[in-house]
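Here is the structure we will look at.
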Amino acid sequence: MRIYDEVKRKKMVEMKESNAPHNCHTNRVYCAKFNKDPQYQHLVYSGGWDQTLIAWDIRDGKPYQSIFGPYICGDGIANCGMDLLTASWRQTDQLQQW
């Protein structure tokens, strides 16, 4: 994942995988959201078809934490502070709070 400065039109950060489990996406990513809480504005969340939700820390360009489970196929991530809500495309547990 890459983050660009919209005004300068230059790449600011390129995220790299780490040695942790579920540290990168292996299929399509359908949603990426910045954390809007001033205390956590350095975090970006991404999720998609690989059933992995990753919290990326843009300060060091690596995954901060990952969760295996949400099958996100659209704009399916919302957050308030460190609380996350995911919307998954499946028969049960469509909405989950993390």
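Since every read-out is calculated from the coordinates, none of them should be taken as a lab result. Source: prediction; values computed, not measured. Neighbour counts are summed over all protein chains in view; Cβ atoms, including those assigned to glycine, are modelled from backbone coordinates with ideal geometry.
Taking label points 7 Å from Cα along the Cα-to-Cβ direction, residue 78 and residue 92 give a separation of 2.4 nm.
Which aspartates and glutamates have a Cα less than 15 Å from the Cα of residue 16, not counting those fewer than 8 places away in the same chain? Residue 16 reaches 57, 60. Taking 0.36 nm per residue of separation and subtracting the current Cα-Cα distance, fully stretching the chain between residue 12 and residue 36 would add 6.8 nm. Here 56, 89 are placed in order of increasing Cβ neighbour count within 10 Å, fewest first, which gives 89, 56.
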